[in-house]
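**Q** There's a structure below that I have some questions on.
The values are calculated or read from the model by the stated rules, or taken from the named source; none is laboratory data. Being a predicted model, the structure only gives us computed values, none of them experimental. Here the Cβ is made from the backbone with ideal geometry for all residues, glycine too, and neighbour counts use every protein chain on show.
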Amino acid sequence: MSLLRSSISSTRTLRTVLAIRKASITSDADRNAVEFFYKVHKNPSVYKALNETSLVLAEKGILGGPDLSMQQQLLLVADSDIRTAMDRVKKELKNADIPVTLDIIRDFFSFFREKKEYEVK
């Protein structure tokens with residue numbers, strides 16, 4: 001477990017799951033984000049691959065915001081550790097039959113980046 005120190009604690013993830021379950025989601029973009037979240041969260045191998053990728057990105061100094069410098073963009077393309085980690089995520093998503101498009105990724109990051117208020121039912 002010490003090898004997989006998540007940047008998101010399990011308690012925070014559980015709170016996120018419970019908040020999403022109670023949320024009244026009305027837009028297609030939010031629905032896409034939540035569906036992707038649940039598919040990933042229910043599949044341990046995908047979740048593990050994403051977590052390991054986030055650790056590699058953090059080690060390389062890439063995590064921290066949506067705007068990457070030119071140097072960080074080049075590092076994404078050139079670094080073999082990053083490519084290997086991202087290839088593993090791609091493979092695990094494919095094995096789990098979880099479709100991913102740029103729209104889904106955009107919706108996912110927008111949903112969790114913004115502070116939104118939801119009607120609790």
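**Q** Please tell me if SER24 is hydroxyl-bearing (Ser, Thr, Tyr) and at pLDDT 90 or above.
**A** no
**Q** May I ask you to list the residues in region 25-43 that are surrounded by fewer than 15 Cβ atoms within 10 Å (Cβ to Cβ) and not in a helix (DSSP H, G or I)?
**A** Within region 25-43, THR26, SER27 qualify.
**Q** Modelled with pLDDT of 85 or more, out of contact with any His (no Cβ under 6 Å at 6 or more places or on another chain) and of a type outside the set (Phe, Trp, Tyr): does that describe ARG83? Steps first, please.
**A** Numbers: modelled with pLDDT of 85 or more: yes; out of contact with any His (no Cβ under 6 Å at 6 or more places or on another chain): yes; of a type outside the set (Phe, Trp, Tyr): yes.
Spelling it out, ARG83 is indeed modelled with pLDDT of 85 or more, out of contact with any His (no Cβ under 6 Å at 6 or more places or on another chain) and of a type outside the set (Phe, Trp, Tyr).
**Q** Just for region 56-101: of the residues that are hydroxyl-bearing (Ser, Thr, Tyr) and not in a loop (DSSP other than H, G, I, E, B), which one is surrounded by the most Cβ atoms within 10 Å (Cβ to Cβ)?
**A** Filtering first and then ranking leaves THR84.
**Q** Taking into account only those residues within region 44-55 that are touching a helix residue (DSSP H, G or I) at 6+ places or on another chain (Cβ under 7 Å) and of a type in the set (Gly, Ala, Ser), which is surrounded by the most Cβ atoms within 10 Å (Cβ to Cβ)?
**A** Checking each candidate, the answer is ALA49.
**Q** Is there any pair with a first residue in region 85-97 that is free of Cβ contacts under 8 Å to residues at least 60 places away in the same chain and a second that is β-branched (Val, Ile, Thr) and part of a helix (DSSP H, G or I) whose Cβ atoms are under 7 Å apart and which are 6 or more apart or on different chains, and what are they?
**A** Pairs that qualify, where the first residue is free of Cβ contacts under 8 Å to residues at least 60 places away in the same chain and the partner is β-branched (Val, Ile, Thr) and part of a helix (DSSP H, G or I), are ALA85/THR53; ALA85/VAL56; MET86/THR53; VAL89/THR53; GLU92/VAL46; LEU93/VAL46; ALA96/VAL46.
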